[in-house]
Amino acid sequence: MLPNISNGFAAQLDAVLYLGVICVSLVLRRSLTSFYVTNLTDTDLPFTGLIEATNVIPEEVLDGKALIYLPKYVPRGDSFYEKSDEEILNLFLDALKRMFPDLTDGDIISHAVHREPYVQPIHEIGYSEKIPPMKTPLKNFYIANTTMIINSTLNNNEVIKLARKAADLVAKEN
């Protein structure tokens with residue numbers, strides 16, 4: 001499909017700059033906090049937040065376990081993005097154990113390191129003119145992504161609003 005897309009539309013998609021994310025996800029035997037999101041500004045920590053999804057998921061879904069995300073947003077080309085999964089995991093776990101000294105390796109059921117280069121668009125001057133439309137030049141092909149979230153931060157509520165807007169557009173036109 002992409003070769004059939006107009007050069008102007010492709011250029012509009014390419015014009016947006018993004019922050020990427022490196023995110024360690026953990027399944028623990030126990031919860032760490034009573035908060036869903038804890039934003040962190042301590043530069044000695046390798047991640048910028050502690051998201052305990054456990055606090056917004058019904059308890060029975062996780063069977064008493066805790067689901068934790070540790071994100072670090074990085075610009076394209078950041079050397080941190082080139083670290084191995086093992087290096088990242090070790091850095092993140094060491095920092096998490098400094099935050100929660102009673103956390104042990106035995107508390108960790110599973111872990112994974114995820115990377116995504118295109119997550120948070122960088123809102124430069126004139127950004128609103130770069131936002132692509134949901135309806136593409138391709139017949140019956142629509143897009144909805146984080147570039148379309150403006151005047152807000154990237155968060156679950158905004159993603160849900162965007163998904164509803166896209167679904168309404170597709171339903172109206174088809």
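The values are calculated or read from the model by the stated rules, or taken from the named source; none is laboratory data. Model, not experiment: these values are computed from the prediction. Every residue, glycine as well, gets a Cβ built from its backbone with ideal geometry; the counts of neighbours run over all protein chains shown.
Annotations for the structure displayed:
- Among the residues here, Lys72 qualifies as of a type in the set (D, E, K, R) and under 15 Å from the mean Cα position of the chain (by Cα).
- If only residues of segment 83-139 that are modelled with pLDDT under 95 and small (Gly, Ala, Ser) are counted, the one that is nearest to Leu154 (Cα to Cα) is Ser128.
- Evaluation of Lys165 against the conditions (1) assigned to a helix (DSSP H, G or I); (2) closer than 27 Å to Thr38 by Cβ shows that the sole unmet condition is (2).
- Boolean, Asp107 is in contact (Cβ under 8 Å) with a residue 12 or more places away in the chain and of a type in the set (Asp, Glu): yes
- Among the residues of this structure, Asp14 counts as one that is more than 15 Å from the chain's Cα centre (by Cα), acidic (Asp, Glu) and under 30 Å from Thr136 (Cβ atoms).
- Residue list for segment 98-147, restricted to those being of a type in the set (A, V, I, L, M, F, W, C), assigned to a strand (DSSP E or B) and closer than 14 Å to Leu17 by Cβ: Val119
- Taking residues in segment 69-92 that are on the phi > 0 side of the Ramachandran plot, and partners anywhere that are surrounded by 13 or more Cβ atoms within 10 Å (Cβ to Cβ) and modelled with pLDDT under 95, not one pair has Cβ atoms closer than 9 Å while being at least 6 places apart or on different chains.
- The residues of segment 51-76 that are surrounded by fewer than 16 Cβ atoms within 10 Å (Cβ to Cβ), of a type in the set (D, E, K, R) and not in a loop (DSSP other than H, G, I, E, B), listed by number, are Glu59, Glu60.
- Any hit, segment 97-111, residues being farther than 15 Å from Leu26 by Cβ and surrounded by 14 or more Cβ atoms within 10 Å (Cβ to Cβ): no
- So Thr136, is it surrounded by 14 or more Cβ atoms within 10 Å (Cβ to Cβ), within 15 Å of the chain's Cα centre (by Cα), of a type outside the set (Asp, Glu) and more than 30 Å from Lys65 (Cα to Cα): no
- Qualifying residue in segment 42-50 (condition: in a strand (DSSP E or B), under 27 Å from Thr153 (Cα atoms), touching a strand residue (DSSP E or B) at 6+ places or on another chain (Cβ under 6 Å) and not small (Gly, Ala, Ser)): yes
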